[in-house]
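Q: To start, I am sharing the structure in question, which I have written as structure tokens.
The values are calculated or read from the model by the stated rules, or taken from the named source; none is laboratory data. Please read these numbers as outputs of a predicted model, since none were measured by experiment. Positions of Cβ are backbone-derived with ideal geometry, glycine not excepted, and every protein chain shown enters the neighbour counts.
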Amino acid sequence: MKEFAANSEGISSFLTDDKYHTYRHLILQAVILAISFGVFFDAPDKLNLSLNRFYGWISYYLFLSMLVYVNIYVLFRLFLARNKVFAYTVAVVLFTVLALLIMVVLQEFFYDIAVTHQQPSGMAIFLSIASSLCTILLFLGGISMLLLFKQWIISNRNINSLQLATFQSELCFLKSQINPHFLFNMINNANILVDEEPDMASHILCRLDDMLLYQFNDSTRDKVALAADIDFISDFLALEKVRRDFFEYTVAVEGSIDNVEVPPLLFIPFIENAVKHNLDTSHSYVHIRFGWTSHRLLFECVNSKPTQQRKNEVGGLGLANIKRRLALLFADNYALDITETDTTYTVHLKLAV
């Protein structure tokens, strides 16, 4: 079983890894060459090495290469890779007709259909066209199936990587933020305020309850309502304000977000970073803004900077891991820009949701 798994992994790596790109094309060229050599045989045991047949072989080899690479780099990329099955079918039909015309012209110019040089019958012409049509369709279909298999492998690999990255993000967040020390401080604050400010104590406990429910329930889903994620962020910042004497925060929302969904815990690493790295300022702040318009979500986080510089770490995970998760979730449909001045640290994140 282990040997089978290792072989499967080796095959999938060969089909998808960029380092094998040249080898894949060399194998493909070898297959095309092997098929095109059939032009030299008038019969299984009769080899024709005439100059005219040599030209025919070159033209047939180039023709087969055209079928393969037009499908790989044009038809598949433009249509089938984007799930435009109908458009791909139409394009293949039109391309097949064109390829068939090219093949008929090549047969006419470079090598004879009948060895006896007699005028071929209607049945012979029909069989020749049918054979050429099958060859074209088999080439296009075979290459498309191989490309779909490759895309399926890549998609599965991305899904596995995304699940691992999400799990690590949630686990590290639980360890670094909602840890016993944090909970102890909040509960201790509530205990102190029970007699003096019972309303505030109740408020702290309610916020903690909401955060823990979100952590252990909603955050396990693939997507959550953006409003729920913003509520979690607000609770987090509100509890931080209780713990500190000089801390201000704002959470602004622009546009209607009623039906907007996002991956859970997507923004909290940036906010944790903002809170974590401005503790020693006399007046620290974190300003959060969400903007929604035309399936585009803007997230902005601005925080004050400490007088003593620290190494920036986003949520304890590192900026590289956050970028990796964004890339897996949104591919090229996001833009992350981080700017830093002497007094502020700003994160701009745009998402196509």
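Q: Check whether at least one residue in region 273-284 is surrounded by fewer than 20 Cβ atoms within 10 Å (Cβ to Cβ) and at pLDDT 90 or above, and report yes or no.
A: no
Q: Could you check Arg324 against (1) modelled with pLDDT of 75 or more; (2) part of a loop (DSSP other than H, G, I, E, B) and say which number it fails?
A: The one condition Arg324 does not meet is (2).
Q: Under the condition of being farther than 24 Å from Ile230 by Cβ and in a loop (DSSP other than H, G, I, E, B), which residue from region 306-321 is modelled with the highest pLDDT?
A: Among residues in region 306-321 that are farther than 24 Å from Ile230 by Cβ and in a loop (DSSP other than H, G, I, E, B), the one modelled with the highest pLDDT is Pro306.
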